[in-house]
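Remarks on the structure that follows.
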Amino acid sequence: MSTSRLRELLANGGTVVAPFVYDGLQARLAERAGFDAIYMTGFGTAASRGMPDVGLLTMSEMVSQAATLAAAVSIPVISDADTGYGNALNVTRTVREYERAGAAAIHIEDQVWPKRCGFLAGKEVIPLEQMTPKVRAAKDARRDADFVIIARTDALQPEGWDAAERRARAYYEAGADLVFVDGIRSRDDLDAYQARLGDLPCLYNGSLEPVDELAARGFRIIIHGGTMMRIFEAIRAAMEELKSTGQVEPSLGGSAFREMVDVLGAEEALALARKYDD
């Protein structure tokens, strides 16, 4: 199972690098590139529906996307689960729905709902005393003991490092498997993250340093959004090129279609269909 595989990867003491993905094609490309896990980005999932990441998507929409990604690959899917979509009771259902969808891990955060992307200004967080029961509920709700619960705090921007550290430690004590301080914008913040919370299993979101340097800092999971930004830039450029020149040439030439068909497993699907031909 993907949950057991993620637990094994974490137990080995290395760093799990999971690129941001928000559709099945990206998930398959990540797996083919050799990544051990993928990260279902809430920002990207909202963007794929033409929406900003400001709490507009429902739990069912997010769970549906997690199921799509889990079905597309055999590697673990680490999923954004926003705030858990309510109180501790709602979190209980959230965990079970993501488990059923095939996710190996989720993170829940302490923002006020409606939340917003972790790198947008104006974030607000709920009281610590309201978040810790949600973490306990998440831990208790899982039916698969290997399902990974990650507790995210967004307190750094509105309240500073002392509050972020206090919250992260409280969430770990409440039963989170990993902690996640979001909104790390500078190497000074990265240094503080390592110094203040390096004794706990931590997730880092960003690309301030190469992956090997981030792994040397001791982060257990790194989720990396650089690929998502590259996709945005490439699609925008292709649309502008088509509009301005009347044509657009794939950078891989005629092989691009063949490679995409191969990644999507068309031959395997057709072979399976032939197996059952009369």
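The values are calculated or read from the model by the stated rules, or taken from the named source; none is laboratory data. Note that this is a predicted model, so its numbers are computed, not measured. Cβ sites come from the backbone with ideal geometry, for glycine too, and all protein chains shown count toward neighbours.
A few remarks follow.
- Total residues in the stretch 62-84, condition in a loop (DSSP other than H, G, I, E, B) and under 25 Å from LYS134 (Cα atoms): 5
- Meets criteria (hydrophobic (A, V, I, L, M, F, W, C), in a helix (DSSP H, G or I) and closer than 19 Å to ASP80 by Cα) for LEU29: no
- All positions within the stretch 219-232 that are closer than 17 Å to LEU6 by Cα and either touching a Lys or Arg at 6+ places or on another chain (Cβ under 7 Å) or in a loop (DSSP other than H, G, I, E, B) (or both): PHE219, ARG220
- Total residues in the stretch 85-111, condition farther than 17 Å from VAL148 by Cα, charged (D, E, K, R) and either in contact with a Cys (Cβ under 8 Å, 6 or more places away or on another chain) or in a helix (DSSP H, G or I) (or both): 0
- The requirement of being under 17 Å from LEU203 (Cα atoms), crowded, with 22+ Cβ neighbours inside 10 Å and in the same structural domain as ASN205 (by TED's automatic domain parsing) is not satisfied by LEU10.
- Flag for ALA47 being out of contact with any strand residue (DSSP E or B) (no Cβ under 7 Å at 6 or more places or on another chain), in a helix (DSSP H, G or I), under 23 Å from LEU120 (Cα atoms) and touching a residue at least 24 places away in the same chain (Cβ under 8 Å): yes
- Residue within the stretch 236-256 that is surrounded by 13 or more Cβ atoms within 10 Å (Cβ to Cβ) and closer than 30 Å to ASP188 by Cβ present: no
- Close pairs (9 angstrom Cβ cut-off, 6 or more residues apart or separate chains): farther than 14 Å from THR41 by Cβ in the stretch 217-236, at pLDDT below 95 and loosely packed, with under 12 Cβ neighbours inside 10 Å anywhere: ARG220/GLY13; ARG220/GLY14; ALA234/SER251
- Qualifying residue in the stretch 112-133 (condition: among the aromatic types (Phe, Trp, Tyr), touching a residue at least 24 places away in the same chain (Cβ under 8 Å) and closer than 19 Å to GLY175 by Cβ): no
- Just one of the listed residues (ALA163, ALA170) is closer than 26 Å to MET59 by Cβ, modelled with pLDDT of 95 or more and assigned by TED's automatic domain parsing to the domain that holds MET51, and it is ALA170.
- A single entry from ASP277, ASP191 fulfils the requirement of being loosely packed, with under 13 Cβ neighbours inside 10 Å, assigned by TED's automatic domain parsing to the domain that holds ASP146, on the phi < 0 side of the Ramachandran plot and over 20 Å from the mean Cα position of the chain (by Cα): ASP191.
- Candidate set: the stretch 257-272, residues that are surrounded by 11 or more Cβ atoms within 10 Å (Cβ to Cβ) and among the small types (Gly, Ala, Ser); chosen: the one nearest to ARG28 (Cα to Cα): GLY265
- Hits in the stretch 116-136 (condition: hydrophobic (A, V, I, L, M, F, W, C) and part of a loop (DSSP other than H, G, I, E, B)): CYS117, PHE119, LEU120, ALA121, ILE126
- The residue pairs whose first member lies in the stretch 167-181 and is on the phi > 0 side of the Ramachandran plot, whose second member is surrounded by 24 or more Cβ atoms within 10 Å (Cβ to Cβ) and modelled with pLDDT of 95 or more, and whose beta carbons are closer than 6 Å, counting only pairs six or more residues apart or on different chains, are GLY175/VAL135.
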